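FYI, it's all coordinate maths here, none of it is from the lab. Quick caveat, the model's predicted, so the values are computed rather than measured. Here the Cβ positions follow ideal geometry from the backbone for every residue, glycine too, while neighbour counts run over all protein chains shown.
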Amino acid sequence: MKILPLAAVAALITSAAFVSAAENTANLNQSGAGNTANADQSVAGTLNNLIDQTQDGSFNDAQAVQEQENNSSIYQVQNGAYNEAYSYQWSGSDNVASIYQDGAGNEGYTYQLMEYGSSATIRQTGFANTAHTYQAQGSDNSATIEQTGSFHNGSIYQFASFNADASIIQQGQGNAADIDQAGIGHEATIIQAGGMNTANIEQADVGNSALIDQDGWANNATIQQDAWYSEARVYQAGVGNNATIYQTGAYGYGGGHLAITNQQGTLNEVLIIQSGYNETAITTQVGTGNTATIVQ
């Protein structure tokens, strides 16, 4: 997984911390191949800034940085192949970071650190695309990855935060989705339509919920929760699906968990393991050759 190290992110953010300006707007339009675009708005306390980067061609690279800003936006649009887009927002509130990529072989990365009420969105159309979002040490943030095509890979990381939402929507074949959340009151949703999809959600701490909905064949879904008062749901429709849910309380203690699985098709398999108290497991299978195991 190609992802920029956090040390490099911090260095890029702090490199321009001594510039003084306010209410700036940066717009860039590029057409061609081999282009590189960089926009930096790293002034503490600036408001309502906008970074707009549009690239049309191949082998393009775009980077945008915003630091300690409120109600600011980063929009990156790339049309072509082998494009990369990076957006960084640090220590602000109500900010928006959006990456739109149309083509093949594109990669999108968004980083939001110590943000409050901010959102990160990556939309990709094509095949062999990769998308990552990273949100840490904030509250009421949201991250969304939408991929249409084939061979996509989407990952969302939310750590040390409160009331964060994460959604991955994939349409096509050979997609993979991964959501990791650690904090309080998080919600994670993965929706996949196609074949050979893989979905994985891991949650820790208190009051989290997870949903995986797969429509296709040869899908695999895994939800692991080490948290109190969390909920997990998996719906699968197709052939050869596999769903696994592990639930324990935070720090190894039990809690009031709920697990629901629904499978329709042939050769499906379900495994639910719950360790604790006040827990409920519900599974429904329709088809031939299905296997369900519940351990409480």
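List of remarks:
- Efficiency of FRET from Cβ geometry, Gln137 and Gln296, R₀ 45 Å, rounded to 0.05: 0.80
- For the pair Thr280 and Asp94, a Förster radius of 22 Å applied to the C-beta separation gives a FRET efficiency near 0.05, rounded to the nearest 0.05.
- Extending 7 Å from Cα along the Cβ direction at Ala33 and again at Thr266 yields two label points whose distance is 4.8 nm.
- Listed residues Ala64, Gln170, Ser119: farthest to the positive end of the dipole of the stretch 52-174 (Cβ charges): Gln170
- Packing, as the average of other Cβ atoms within 10 Å across residues, places the peptides 284-292, 64-72 in the order 64-72, 284-292, highest first.
- FRET efficiency, Phe59 to Ile273 (Cβ-Cβ, R0 51 Å, nearest 0.05): 0.60
- Taking 0.36 nm per residue of separation and subtracting the Cα-Cα distance, full extension of the segment from Thr25 to Asn48 would add 7.4 nm.
- Net dipole in debye of the chain [+1 Lys, Arg Cβ; -1 Asp, Glu Cβ; about Cα centre; nearest 20]: 480 debye
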